[in-house]
Every structure is written in structure tokens, then in C-alpha cells.
Amino acid sequence: MEIRTNEPMARHTSFRVGGPADRFVIPESETELREAVLDCKKSGQPWYMIGNGSNLLVGDKGFRGTIISTERLAELEVQKNENIIIAGAGVMLSKLANTAAREELTGLEFAAGIPGTVGGAVMMNAGAYGSEMKNVLLWADVMDQDGNVKLMKNEELELGYRTSCLERLGLFTVRAAFKLTPGDPEVIRSQMEELARKRKEKQPLEYPSAGSTFKRPEGHFAGKLIEDAGLKGFSVGGAAVSEKHAGFVINKDHGTAADILGLCNEVKRRVKESSGVDLELEVKLLGEF
Ligand SMILES: Cc1cc2nc3c(=O)[nH]c(=O)nc-3n(C[C@H](O)[C@H](O)[C@H](O)COP(=O)(O)OP(=O)(O)OC[C@H]3O[C@@H](n4cnc5c(N)ncnc54)[C@H](O)[C@@H]3O)c2cc1C
């Protein structure tokens with residue numbers, strides 16, 4: 001399996017920041033994934049699994065230890081009679097949603113524009129436009145830190161608002177199955193196009209970001225709180241609160257991870273001051289800043 005050293009994490013995160021990972025490992029099968037996990041465990045060094053890095057802020061000094069990337073765990077199987085698609089952890093949601101559309105199956109239209117992998121989406125219970133993974137996920141094959149794989153059903157994964165039990169239990173998705181419904185291909189396509197249009201109109205897709213930077217606080221919208229605090233366009237170094245959508249922190253002009261984190265902390269402080277609400281990062285922090 002491919003092993004790189006001193007791999008710049010800026011290449012693997014949608015913020016386009018992050019210093020080098022000591023080791024960067026790319027398993028191509030479940031067997032290689034197990035090998036990688038057991039190797040990491042044996043080494044006693046820190047390690048972390050990533051998908052497409054679209055919900056990650058990696059520090060400028062990088063990561064001391066091993067990053068396991070799922071990018072080549074890309075199996076895709078359609079069980080047409082059952083209306084089920086089984087996808088490897090590294091399959092991009094856009095590819096999954098387009099496969100479903102091609103197979104005339106509805107349910108994954110919401111996911112087409114989320115730039116993450118199946119593994120990241122299960123872990124985060126990714127969602128958009130009124131749906132989420134929880135509504136279509138049938139089961140996931142998950143690996144523990146000893147390399148054992150077991151099937152967990154939807155109900156066992158404790159899928160909540162941008163959470164699952166996987167992080168707490170130290171489990172990793174190897175593949176997941178999605179239960180869909182037969183649909184009209186034209187309706188599926190036009191729904192996907194409509195959502196893509198909405199994203200383009202509302203979100204600053206022209207800049208590197210990690211999507212919504214903060215979780216939605218109960219009873220509020222993070223973007224509205226940030227806007228009300230007068231922070232639209234507010235910047236620290238090359239990082240800025242998007243003018244287009246205040247819920248997005250963007251890497252506007254060659255920002256560093258320190259700029260982005262500094263900006264997030266200042267936004268939290270000022271929103272707390274102006275509204276009394278505590279914002280919580282949806283983006284995961286990794287490595288040394
Ligand atoms: C422009 C933009 C728009 C976005 N829009 C949305 C949206 O509408 N809705 C939404 O929910 N999110 C959105 N996001 C955020 C992000 O795409 C999702 O959270 C996505 O699910 C992350 O997937 P990933 O593969 O990139 O995960 P990564 O960022 O690589 O990792 C995220 C977390 O998942 C864990 N993880 C990754 N793979 C696995 C695995 N196989 N097993 C266990 N854990 C794993 C990582 O360890 C990490 O903790 C957006 C991001 C961007 C940049």
C-alpha cells in the first residue's frame with residue numbers, strides 16, 4: 001500500500017491549509033486498512049483517519065503520527081432488486097448520489113453537493129436540505145482498533161445532529177449500505193440540479209472552506225448570529241467570514257490554519273458577547289497549530 005512521508009495536509013483538506021503529516025497511508029482494500037490500523041496501533045504513535053478532509057482544520061505544523069486516507073476504498077455495488085447501494089468508505093457522496101440517480105433510485109439527492117466521502121458522512125451524519133444520512137443508511141461495516149469488522153445497523157449508530165457513536169467508540173466505517181426507493185429519473189435529476197443551484201447561489205463555493213463552520217445552536221442559526229454580531233466579512237489574516245453566507249469561514253487569501261482558528265475563536269467570543277449563545281465548531285481540529 002502506498003505510504004508517503006511528510007505529506008502536506010493542505011493537499012487533503014478543503015480549507016487548503018495544514019502542515020505535513022509524518023506518515024500518510026492509503027490502503028486499497030479492507031485487508032490493507034486492517035494492516036494499516038494494526039501497524040498504527042503497534043507503533044504507539046498517534047493516528048487519524050480521514051475521508052475527503054472537507055470537515056477538517058489541520059494545524060500549520062502538521063500532524064505527528066500517521067494519517068490513514070480512505071480515498072481508495074472505492075467499491076460500489078448496486079443491488080437493484082433490493083434498491084440498495086453498498087459503497088466503500090472512500091466513495092464521494094457526489095458519485096454515490098449520481099449512481100443512485102442513474103439507477104433511478106431516489107433518497108440521496110440531498111447528498112450530491114456535500115463534498116465528503118461515505119465514511120465521513122456516516123461519522124458526521126451529514127445532512128442538507130431536510131434530509132440526512134440517517135434517513136437512507138441501512139447499515140455500516142465498521143472496524144475497531146483491533147481490525148475486527150462488524151455490521152452495525154442504522155439504529156445502533158446513534159445518528160444525531162452531525163454525530164454518531166463511531167468517534168466515541170473508536171470505530172471506522174469500511175463500507176455502508178443505503179436503502180433507497182425507485183423514483184422518476186427526471187424528477188431525481190431536476191431535484192439534484194435545483195439543490196446544486198441553491199448551493200451555488202447561497203454558498204461561497206468559489207473559496208476554500210469546510211462548509212458550515214459551526215454547529216447550529218438550538219433555536220438559532222449560526223450564520224444569523226454571526227451576521228447580527230456584525231461579523232460578515234470580518235477577517236483575521238487571510239481567513240474571513242464569508243460575505244455571501246456568514247455561517248461559512250473561508251480561506252479568502254492564502255490564510256493559514258492559525259488565521260482560520262484565530263478567526264473562529266474571535267467569532268465565538270463576539271457572538272457570545274452579542275447574543276449570549278455559545279457557538280460550537282462543527283469542523284474538527286487536528287494536529288499542531
Ligand atoms: C463547500 C462545503 C459544503 C458542505 N456542505 C455540507 C452539508 O450540506 N451538510 C453537511 O453535513 N456537511 C457539509 N459539509 C461538510 C463535510 O463535507 C461533511 O461533514 C462530510 O461528511 C465530511 O466528509 P469527509 O469525507 O470530507 O470527512 P473528513 O473531513 O475527512 O473527516 C471528518 C470526520 O469524519 C471522520 N472520518 C472520515 N472517514 C471516516 C471513516 N471511514 N470512518 C470513521 N470516521 C471517519 C474523520 O476522522 C473526521 O473526524 C460541507 C463542506 C464543504 C467544504
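The values are calculated or read from the model by the stated rules, or taken from the named source; none is laboratory data. Just so it is clear, the model here is predicted, and its values are computed rather than measured. Using ideal geometry, Cβ is built from the backbone for each residue, glycine included, and neighbour counts are taken over all protein chains shown.
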Residue pairs within 6 Å by beta carbon, gap of at least six or interchain, first lying in the stretch 156-182 and over 19 Å from Thr117 (Cβ atoms) and in the same structural domain as Asn83 (by TED's automatic domain parsing), second among the β-branched types (Val, Ile, Thr) and crowded, with 17+ Cβ neighbours inside 10 Å, listed first then second, are Thr181/Thr106
Selection over the stretch 148-164 where residues are surrounded by fewer than 16 Cβ atoms within 10 Å (Cβ to Cβ), at pLDDT 95 or above and not in a strand (DSSP E or B) yields a count of 4
Flagged pairs (Cβ under 7 angstrom, 6 or more apart or on separate chains; first in the stretch 46-58, under 15 Å from Pro20 (Cβ atoms) and more than 9 Å from the ligand (Cβ to nearest atom); second of a type in the set (S, T, N, Q) and part of a loop (DSSP other than H, G, I, E, B)) are Val58/Thr13
Of the residues in the stretch 225-242, those that are acidic (Asp, Glu) and touching a residue at least 24 places away in the same chain (Cβ under 8 Å) come to Asp228
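Taking the stretch 136-163 on its own, how many of its residues are of a type in the set (S, T, N, Q), within 13 Å of the ligand (Cβ to nearest atom) and touching a strand residue (DSSP E or B) at 6+ places or on another chain (Cβ under 9 Å)?
So the answer is 1.
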Counting only residues that are basic (Lys, Arg), over 26 Å from Leu105 (Cβ atoms) and touching a helix residue (DSSP H, G or I) at 6+ places or on another chain (Cβ under 9 Å), the stretch 49-85 contains a total of 1
Result of the Cβ filter at 6 Å on the stretch 1-18, keeping first residues that are within 23 Å of Ser29 (Cα to Cα) and partners that are among the aliphatic types (A, V, I, L, M), at least 6 apart or interchain, is Glu2/Ile26; Ile3/Val25; Glu7/Ala21; Met9/Ala21; Met9/Val58; Thr13/Leu56; Thr13/Val58
All conditions in (1) touching a strand residue (DSSP E or B) at 6+ places or on another chain (Cβ under 9 Å); (2) more than 11 Å from the ligand (Cβ to nearest atom) are true of Lys42 except (1)
By residue number, the members of the stretch 93-124 that are outside any helix (DSSP H, G or I), over 20 Å from Ser209 (Cβ atoms) and near the ligand (Cβ under 10 Å from one of its atoms) are none
Met192 vs (1) assigned to a helix (DSSP H, G or I); (2) in contact (Cβ under 8 Å) with a residue 40 or more places away in the chain; (3) over 30 Å from Arg102 (Cα atoms): all pass except (3)
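Which one is surrounded by the fewest Cβ atoms within 10 Å (Cβ to Cβ), of the residues in the stretch 220-239 that are part of a loop (DSSP other than H, G, I, E, B) and out of contact with any strand residue (DSSP E or B) (no Cβ under 9 Å at 6 or more places or on another chain)?
In the first step, residues of the stretch 220-239 are kept if they are part of a loop (DSSP other than H, G, I, E, B); the result is 220-221, 229-234, 237-238.
Narrowing the set further to residues that are out of contact with any strand residue (DSSP E or B) (no Cβ under 9 Å at 6 or more places or on another chain) leaves 220-221, 229-230, 237.
On the way: His220: 14, Phe221: 15, Ala229: 21, Gly230: 11, Gly237: 16.
It comes out as Gly230.
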